[in-house]
1. Using mean Cβ contacts within 10 Å as the protection proxy, how do 295-301, 79-85, 244-250 order, highest first?
2. Ordered by residue, what ³J(HN,Hα) values in Hz, to whole numbers, does region 31-43 give under the Karplus form 6.51 cos²θ - 1.76 cosθ + 1.60, where θ = phi - 60° and Gly and Pro are x?
3. Return the subset of LYS130/LYS285; LYS18/LYS40; LYS18/LYS276; LYS83/LYS107; LYS37/LYS110 for which the Cα-Cα distance in this structure is over 22 Å, preserving the input order.
4. Whose amide H sits under 5 Å from the amide H of THR167, counting only residues 5 or more places off or on another chain, with H placed in the peptide plane?
5. Residue by residue through region 15-21, what is 3J(HN,Hα) from phi via Karplus (6.51 cos²θ - 1.76 cosθ + 1.60, θ = phi - 60°)? Round to whole Hz and write x for glycine and proline.
6. Spelling out what I want: for every residue of region 283-295, take phi, set θ = phi - 60°, compute 6.51 cos²θ - 1.76 cosθ + 1.60 (Karplus), and round to whole Hz; glycine and proline get x.
7. R0 = 51 Å: FRET efficiency of LYS285 with LEU188, Cβ-based, nearest 0.05?
8. If packing is taken as the mean number of other Cβ atoms within 10 Å per residue, what is the order of 315-327, 96-108, highest first?
Amino acid sequence: MALTHDQITSITRKFFLKNFTQLVFDQNLLQKRLAAKGTKPSSGSTIMQPFLHQGSGGGAYPPYGVHSMANIDQNTAAEFNWKYYNVPIVISRADLLMNDGPEGVFKLMKIKMDAAAMTMSDNLATDMFKITTAAGTDSSIEINSLDTMLNDVADGLSTGLVYGGITKGAATNTFWAGKTSDFGGAGLGPIYSRINSFFMEIADGNILPTIVVMHNVAFGAYINNQQPQQQYMKQSEMDAGFLTATFNGRTVSADLHVSYHAVTDALNRLYVLNEKFIDFVTHSKENNRLEPFQKIVDQNVIAGQLYWAGELTSSDPSRSGVAHNFEAADIT
């Protein structure tokens, strides 16, 4: 006897939904690392991202002298809109007939949920690494990309960007600009030193970038030109199926979603990120919520929907950076 729509929904929720969010973020290393620390607000019409951009005032004073009591307003917040994603789970009558009974449906739903997790992760990663090529504001539909988070006037691509309700590049908002670097185009030889210089430009005392992310082609060139001792990969990340190496003791990650063009070097990207100041915010009431399976009127199928709401935010873009204008042959 075939299971009802409610029974299929119940099986999905009981056996697959609890771990689905983890399954989504486990598909992508940067997502996985950010999700492990991400906040999950339960309500609110927008996402408020607090940030601290200056000290508390004060300074040197002479003995018995009058010292400053002037207070600097340090605490403020950027404001982001929620972004919404969905993945449909469609099951044909033929699928149900061939996978009849609880065990058959369990196997079928495992395949469907694995595919849904890959799709959700791919959609989020595609938008996370989407490049900014013109002036504009926060995306109204997709999560804001790292390019939107980090780019500013210096790269010549994104003058006038508004991020979190704050205009980048304004004289009073220089703290809100990420670091950018033009690596000088193709044919300039090895750029390992340029990566290191860029890394050190972002570093501030013991506040250091935590991960470098580049396209697989660039990563392959990076590995080919390193000494064996520099090709060390973290065992935990290898066990999770990710390609990683190290740079200044930090993880270097390969990701096919990062922009790479064999011809147009200006569109190539390399990200040097401090994850402490980046959050993958997820709404706790829309954290891959499952809408129950329903019959589709004009098809012999049933469909459920998985819904996610959240945003990629930063409390201090200046702690991370994006480099562009290079070719893979120079990643040495």
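1. Going by the mean number of other Cβ atoms within 10 Å, highest first, we get 79-85, 244-250, 295-301.
2. So the Karplus estimates, Gly and Pro as x, are 4, 4, 5, 6, 5, 5, 10, x, 8, 9, x, 8, 7 Hz.
3. From the list (LYS130/LYS285; LYS18/LYS40; LYS18/LYS276; LYS83/LYS107; LYS37/LYS110), the Cα-Cα distance tops 22 Å for LYS130/LYS285; LYS18/LYS276; LYS83/LYS107; LYS37/LYS110.
4. Those lying under 5 Å, H to H, from THR167: there are none.
5. With the stated coefficients, region 15-21 comes to 9, 10, 6, 4, 9, 5, 4 Hz.
6. 6, 5, 9, 9, 9, 6, 6, 9, 7, x, 5, 9, 6
7. Efficiency for this residue pair is about 0.50.
8. Values: 315-327: 22.7, 96-108: 14.0.
In decreasing order of mean packing, 315-327, 96-108 become 315-327, 96-108.
Values in this text are rule-based calculations from the coordinates and carry no lab data. Note that the structure is a prediction, hence the values are computed from the model and not measured. Note that each Cβ is placed from the backbone with ideal geometry, even for glycine, and that neighbours are counted across all protein chains shown.
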